[in-house]
Structures are given as C-alpha cells and as structure tokens.
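Contents: one structure, followed by commentary.
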Amino acid sequence: MTLERTTLRKFLLNLQKDDALDQDLVLLIEDIATSCRIISHQIHNGPFLNILGATETSNIQGETQKKLDVIANDVFLSHCSNCGRVAALVSEELEDVVWLKEKPEKGDYLVYFDPLDGSSNLNVNLSVGSIFSVVELEEDIQTLSNEVVLLNGTKQIFAGYSLYGPSTSLVFSTGQGVNGFTHMIGTGEFFLTFPDMQLPDQTDEFAINASRWRQWDPAISRYVQECIDGEAGPRQKTFNMRWTASMVAEVHRILTRGGIFLYPVDKENEARGGKLRLLYEANPMSFIVEQANGRASTGYQRILDVEPQSHHQRISVILGCSAEVERIESYYRELER
C-alpha cells in the first residue's frame with residue numbers, strides 16, 4: 001500500500017483555501033522552492049561541473065566568493081523575479097538592493113536572501129543551505145533607495161531555509177507554525193516530512209565556535225563554561241557541543257532535536273556589529289525559531305524587534321530553546337547591573 005504524501009503545492013493550496021495565504025505568495029514560495037531544487041542539483045554535481053572552488057571576486061562583506069555563491073545568487077535573482085508583486089531583492093552577495101519596480105506599491109513584496117550559507121563547507125562535502133524571507137509593503141514607496149528596505153523582523157510574512165545535505169530539506173513558516181519538506185529525487189517534488197516542528201523548552205546541546213573563546217564577553221564565557229562543567233557544575237547535567245560552520249545546518253538540527261545556537265558579538269567582531277547579517281540571516285531564522293516555540297535574542301533584546309540601520313547590518317545571534325536563551329539574557333542583565 002502506498003502512503004499518500006502531502007506535496008508542497010497541496011500544502012500551500014490548502015493554506016490559500018483557508019484564506020491564510022495570498023495566491024501571489026503561493027507562487028513566490030514555489031519559485032523559491034524551484035530555486036532550491038536547482039541549487040541542490042548544482043551542489044550535488046559540483047565536482048563534475050567544475051563549479052567548486054573560489055572565484056577571483058569578493059562580495060560586499062569582503063568575503064571571497066565561491067563559484068556556487070555566484071550561481072546560487074543568480075538562480076534566486078532569476079526565479080524570484082517571476083512574481084509580479086516582487087518589488088525588490090536584497091542579497092548577501094550584492095552591494096545594493098535590486099529594484100524590479102520603479103514605483104513599488106502597498107502590498108508588493110520585498111525578498112531577502114542569503115543564497116548559499118556555509119559555502120566554506122563545499123570543498124569538504126559538508127552541509128550548506130539557503131536562507132530567505134518575504135516582507136509585504138505596508139505603504140507605497142516614493143523614492144527607491146537601500147534605506148527603504150530597512151524593516152524589522154516582525155514585518156516578515158514568510159521565512160524559510162533549504163538545507164543541502166544527504167537529502168534536500170525545505171523548512172518554512174508563514175506565521176502559522178513551522179513545517180519541513182524533503183525533496184524526493186527523481187520526482188521534482190517536495191513532500192511534507194516534518195509537520196508542525198516544535199522546540200522543547202529544555203536542551204542539553206549547544207552550538208558555538210569554541211575557537212573564539214578568547215574573544216567572548218563574560219556572559220557567553222560563563223554560559224559555555226557551565227555547560228562544559230557538566231554534572232559537577234551548576235547545571236548538574238552533561239551537555240554536548242556541536243559546530244558545523246553553517247547556520248542553516250545548526251538551526252535545522254535544533255529544530256529537529258532541540259538545542260541552542262550562539263554566534264555572539266565578541267571582541268574581534270564588535271566593531272562590525274557581529275558576524276551574522278540581520279535582514280537575511282538573523283531575522284528569517286529568528287522568525288522560524290519563534291514560530292517553533294523557541295526564542296531568538298541578541299542577549300539584550302529580541303532580534304525581531306531590532307530596527308535595522310543598513311541592509312548588510314551584522315548582529316549578535318543567540319537562538320534556540322527558550323529556557324537556554326532566557327538564561328543567557330539573565331547573564332547579560334547581571335552584567336548591566
């Protein structure tokens with residue numbers, strides 16, 4: 001007997017039928033899913049297509065671009081431009097906002113994306129991903145500029161990511177919980193495989209780049225040390241540490257089995273505001289984590305409430321199981337006092 005599986009299209013159409021999703025957003029999400037399928041194919045065939053390795057160019061962040069960074073960016077630009085309501089595209093790989101409309105109107109969409117997160121993992125065959133989100137304009141835009149896309153994370157109507165690992169996952173939220181889909185090779189379909197993803201309140205797993213420990217502030221140092229101290233320490237339980245150098249992979253693990261992810265501001269990156277970008281990394285992931293019963297914070301405030309100052313702004317990111325994030329926030333409050 002063959003089990004009936006829910007396809008991505010059926011899932012989206014059911015949301016549309018319940019008036020929970022606009023038809024144009026359905027089409028845009030399908031275009032994003034198509035982008036992810038294409039990028040997945042390119043990654044899995046990279047060694048044969050000679051598209052692994054670095055280019056001779058750098059992005060606006062000053063980071064050397066991988067060939068697949070450029071390819072993934074072009075794929076998103078091409079497919080997200082299909083929807084007639086998309087007014088602008090904001091990419092990690094491009095210095096300026098790409099405007100598709102001369103006179104954006106209320107109800108048009110802004111699409112933010114990191115086309116290939118964790119691309120340093122490509123040459124060692126580890127997981128990478130894409131991150132994306134959509135904001136609906138609440139008023140007409142009179143003058144096109146990079147500044148008019150600076151909207152805080154509470155304005156998002158859709159956020160998601162795709163993970164390119166042993167299988168290709170598509171996980172997203174439209175503000176009604178989080179659902180995960182898996183691409184079935186040979187069919188071109190994403191099927192619902194992780195419905196209603198939820199984080200537990202407690203965890204015994206944390207993810208942080210421990211090589212940066214000399215740069216951490218006292219709140220982060222205290223938290224990590226307490227985890228390392230295990231049963232003999234104040235937490236009185238054993239913790240596991242994980243680190244894969246891909247935010248998408250870290251968040252996906254947290255969504256599937258709990259945990260906390262930390263990439264805080266530290267002494268080395270403080271002048272830049274942190275490592276991860278607010279609009280197309282921290283905001284989408286925070287939206288998803290909160291929809292899955294988790295919490296996302298800078299240590300001092302909710303990430304989704306941060307008012308962006310630039311479209312490539314960096315920020316401190318602490319997200320995952322609520323109790324752990326709240327504990328770290330309490331350590332920062334103690335420092336303030």
*Output the number of residues of the stretch 95-132 satisfying the condition of being over 17 Å from Gln156 (Cα atoms), hydrophobic (A, V, I, L, M, F, W, C) and modelled with pLDDT of 95 or more.*
6
_Residue match in the stretch 320-328 (condition: acidic (Asp, Glu) and closer than 30 Å to Glu95 by Cα)_ = no
*Answer yes or no as to whether Val111 is touching a Leu at 6+ places or on another chain (Cβ under 9 Å), over 30 Å from Asn45 (Cα atoms) and outside the structural domain of Lys275 (by TED's automatic domain parsing).*
no
_When residues of the stretch 10-45 are limited to those that are of a type in the set (D, E, K, R) and either touching a residue at least 60 places away in the same chain (Cβ under 8 Å) or part of a loop (DSSP other than H, G, I, E, B) (or both), the one nearest to Thr187 (Cα to Cα)_ = Arg37
*If you go through the stretch 101-124 one residue at a time, how many are buried (at least 19 other Cβ atoms within 10 Å of the Cβ) and out of contact with any helix residue (DSSP H, G or I) (no Cβ under 9 Å at 6 or more places or on another chain)?*
1
_strands (runs of 3 or more DSSP E) contained in the stretch 53-128 and holding at least 1 residues touching a residue at least 40 places away in the same chain (Cβ under 8 Å) and under 17 Å from Leu279 (Cα atoms)_ = 86-91, 109-117
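The values are calculated or read from the model by the stated rules, or taken from the named source; none is laboratory data. What you see is a predicted model, and the numbers here were worked out from it, not measured in a lab. Because the Cβ atoms are built from the backbone with ideal geometry, glycine has one as well, and the counts that use them run over all protein chains shown.
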